[in-house]
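Data block below; observations after.
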Amino acid sequence: MTSSDWKEKIITSLQDAGRRKFLNTAALAGLAGTGLSVGLSSCKKPEPGAAVSGAGKIGATHALGSSNVTYGEFEVPPGQLDQYYTFSSGGHSGEARVYGCPSGRLFKRIPIFNLDCESGWGITNESRAILGARADGSLKYTTGDTHHVHGSYTDGTYDGKYLWTNDKIHSRLARIRLDYMVCDKIIDIPNVQGFHGIFPDKRDPLDPKINHTTRVFCGQEFHVPQPNDGRDENDPKKYYCIFTCVDAESMKVRWQCKVDGNLDLVATSYDGTLAGSNQYNTENGVTYEEMMSAERDACVLFNIARIEAAIQSGRHYTIGDSKVPVVDGTKDANKDPKTALTCYVPVPKNPHGVNATPDGKYFVCSGKLSPTTTVIDLGLVHKWFDGALKDPRDTVVAEPEVGLGPLHTGFDGRGNAYTTLFLDSQIVKWNIDKAIAQFKGDKQVDPILDRIDVHYQPGHGFTSMGETREVDGKFFISGNKFTKDRFLPVGPRHPDQEQLIDISGDKMRLIADHSVDPEPHDSIIVKRDKIRTRQINDLNEHPLAVKDAKDCRVERKGKKVTVHLTSQAPAFGLREFTVRQGDEVTIILTNLDKVEDLTHGLAIPMYDINFVVNPQQTKSVTFKADRPGVNWVYCTNFCHALHLEMRSRMLVEQA
Ligand code: CUK
Ligand code: CUA
Ligand code: CA
């Protein structure tokens, strides 16, 4: 298909969707010309008199678009609990977030790659050890860009053990342990820039007894020379991308696989045999014009068992200083399907998003610059790897036209898919079997079942339990990138929005506008009974815990001073302690309170120290006492009627 054919197609879909003419004209201008500003300035204004937010008045009926929606049935009244957790990435805030679904209530922000003075993340020694320090003791990085959160699996569904998330900026993978909902590990992924897609495997392809996550796959979005040490800088044809496998438990990098083109998002099959990643830059372009020059890009599929056999047999190399074994998954090195490590399935054009259907049969790749989604049959992919299918394109079993700017797809477990349309500002519901029948040539069948407007420009969209075998088809959340008129204005930076859509019936119903901090990308909606958190820390898990108020003391070794301190409402274990100017002071604080939710904080004026300790938790900080004087060490967390009185004096003596 030529590029003028594409424009033709887009114009046709524009005419179909005339009521969004303004947006679509802008989109068309964008696609036809220079505009990566596609459609962005053209968000629709609501009809005069239409309700702007459906969630504001509980129980009331609002006119939202054309349908009358009652929010009441999805209301979570005071004292009631949500049915689901929503775990969300926080984009360039570097954090992750925990919301309730359907209430949209924010429960927790989990600091990961960012600094957070509420919890003391990046301030305490424990969190700094996870974040990683440079030789001079400063933090290696203080920024991050989290795009995707995904949970660990057992038997094809969430087991509530871990979440993983990526840092696109610095190519780091972080793990969150869900019993405490805190980050417990961050690793660097070597040889990679622009680490974007991420997905845990769902079972082991080699050992049928292992039915849980043991690998986390990571995709590289930006191609670079390998090693990236100044060589080949001006020769983009020699830039490559790498697919990385990390051990879920040890968080060590197991292996890497070099690919042609780039990697964007990642999906895994339910049987553990395949991982896939959409590629929008098969052109190896360095400008967006180059990156959108080909009519088709690809979805590359990784044969995990073969890659690991190749590593076992020593068919690997290393890059630069990295010791990680790398196999060659480029096209040239994998011409014979029977031995190939990778299969490149052509997909139109600059695809975005790849999602596994919960029946385990397909990967769905969204076209982004093509108004289509592509359904890849994983059984046929195996047939190709067996040598029984000649052309990788023959693994495609459907390619329905869904609308403009398709990005991400969620599923309801009833055979239907829900795709976000960035340019159309819509969610489209389509049926997978019908799309397959249409692709086979049945002209009577229309796979499109429903459309709903969202406000505006959705990126990710996901359904309740939608990435598991326990998909329940109840809710869809549309992660909208633009809000403009939907909320009270807060200055030029608008909040983002997650719109909640009821997908339990034939027609989608918009039921709530939830404002969210910029910028969530991906989330997962997890049934609440999958998550079992601990309410009290284990006193013994910190080796330096101060287990009794009687153990509070100041220990000196030369200029190094350790203050062993406890907190128990409404007092610290030491009412005062003395150090000398120039000392390197470490305060180890254990919260001896055992009452759930009885958190204390510790802040030291002029020393930039601020953190909290939960019941039975221990944290420590180290700083230089460089100024003489009195410093009121105080509790920051309202813990007791005498919270304001909960103080200790740090006396710094003149040197
Ligand atoms: S990407 Cu954000 S909308 Cu980084 Cu998951 Cu598609
Ligand atoms: Cu302890 Cu406030
Ligand atoms: Ca491209």
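Details
- Qualifying residue in the stretch 171-181 (condition: within 15 Å of the chain's Cα centre (by Cα), without any contact (Cβ under 8 Å) to a residue 60 or more places away in the chain and not in a strand (DSSP E or B)): yes
- Those residues of the stretch 425-436 which are surrounded by 16 or more Cβ atoms within 10 Å (Cβ to Cβ) and under 15 Å from V397 (Cα atoms), in sequence order: W430, N431, I432, K434, A435, I436
- Among the conditions (1) within 16 Å of ligand 1 (Cβ to nearest atom); (2) in contact (Cβ under 8 Å) with a residue 60 or more places away in the chain; (3) crowded, with 24+ Cβ neighbours inside 10 Å, the only one that T213 does not satisfy is (1).
- Boolean, A655 is in a loop (DSSP other than H, G, I, E, B), more than 16 Å from ligand 3 (Cβ to nearest atom) and modelled with pLDDT under 95: yes
- Failed item in (1) in contact with a Cys (Cβ under 9 Å, 6 or more places away or on another chain); (2) free of Cβ contacts under 8 Å to residues at least 40 places away in the same chain, with T339 passing the rest: (1)
- For the stretch 85-124, filtered to residues that are among the basic types (K, R) and closer than 26 Å to Q617 by Cα, the residue that is surrounded by the most Cβ atoms within 10 Å (Cβ to Cβ) is R97.
- If you filter the stretch 572-603 down to residues that are among the β-branched types (V, I, T) and not in a strand (DSSP E or B), you find that the one that is farthest from ligand 2 (Cβ to nearest atom) is V595.
- Residues being part of a loop (DSSP other than H, G, I, E, B) and of a type in the set (S, T, N, Q) - total across the stretch 74-123: 6
- Residues that are touching a residue at least 40 places away in the same chain (Cβ under 8 Å), more than 14 Å from A571 (Cβ to Cβ), more than 16 Å from ligand 3 (Cβ to nearest atom) and buried (at least 21 other Cβ atoms within 10 Å of the Cβ) are absent from the stretch 633-643 altogether.
- Close Cβ contacts (under 6 Å, 6 or more residues apart or on different chains) running from residues in the stretch 105-134 that are within 14 Å of T146 (Cβ to Cβ) to residues that are in a helix (DSSP H, G or I) and of a type in the set (G, A, S) comprise W121/S127.
- Search result, residues across the stretch 420-436 that are in contact with a Gly (Cβ under 8 Å, 6 or more places away or on another chain) and not in a loop (DSSP other than H, G, I, E, B): T420, L421, Q426, I427, V428, N431, I432, D433
- Selection status of V554, assigned to a strand (DSSP E or B), more than 16 Å from ligand 1 (Cβ to nearest atom) and over 19 Å from G122 (Cα atoms): yes
- The stretch 270-294, residues that are more than 21 Å from T165 (Cβ to Cβ) and in contact with a strand residue (DSSP E or B) (Cβ under 6 Å, 6 or more places away or on another chain): L274, Q279, Y280, T282
- Residues of the stretch 236-247 satisfying the condition of being out of contact with any helix residue (DSSP H, G or I) (no Cβ under 9 Å at 6 or more places or on another chain) and buried (at least 20 other Cβ atoms within 10 Å of the Cβ): Y240, C241, I242, T244, V246
- Out of V286, V259, sole residue that is of a type in the set (V, I, T), farther than 19 Å from L369 by Cβ and either within 16 Å of ligand 3 (Cβ to nearest atom) or crowded, with 23+ Cβ neighbours inside 10 Å (or both): V259
- Residue within the stretch 520-534 that is at pLDDT below 95 and surrounded by 16 or more Cβ atoms within 10 Å (Cβ to Cβ) present: yes
- Comparison of K619, K624 shows that the only residue that is surrounded by 19 or more Cβ atoms within 10 Å (Cβ to Cβ) and basic (K, R) is K619.
- Checking the stated criteria, D271 turns out to be more than 16 Å from ligand 1 (Cβ to nearest atom), of a type in the set (D, E) and under 24 Å from the mean Cα position of the chain (by Cα).
- Pair list, Cβ under 6 Å, 6 or more apart: the stretch 491-502 residue surrounded by fewer than 16 Cβ atoms within 10 Å (Cβ to Cβ), other residue modelled with pLDDT under 95: none
- Being within 16 Å of ligand 2 (Cβ to nearest atom), hydroxyl-bearing (S, T, Y) and either in a loop (DSSP other than H, G, I, E, B) or touching a residue at least 40 places away in the same chain (Cβ under 8 Å) (or both) is a condition met by no residue of the stretch 527-546.
- Residues located in the stretch 376-394, provided they are surrounded by 14 or more Cβ atoms within 10 Å (Cβ to Cβ), of a type in the set (A, V, I, L, M, F, W, C) and outside any helix (DSSP H, G or I): I376, L389
- Of the numbered criteria (1) within 16 Å of ligand 1 (Cβ to nearest atom); (2) surrounded by 23 or more Cβ atoms within 10 Å (Cβ to Cβ); (3) farther than 14 Å from F363 by Cβ, the one S277 fails is (3).
- With respect to (1) more than 16 Å from ligand 3 (Cβ to nearest atom); (2) buried (at least 20 other Cβ atoms within 10 Å of the Cβ); (3) of a type in the set (G, A, S); (4) over 16 Å from D359 (Cα atoms), the lone exception for G410 is condition (4).
The values are calculated or read from the model by the stated rules, or taken from the named source; none is laboratory data. Computed from a predicted structure; not experimentally measured. Every residue, glycine as well, gets a Cβ built from its backbone with ideal geometry; the counts of neighbours run over all protein chains shown.
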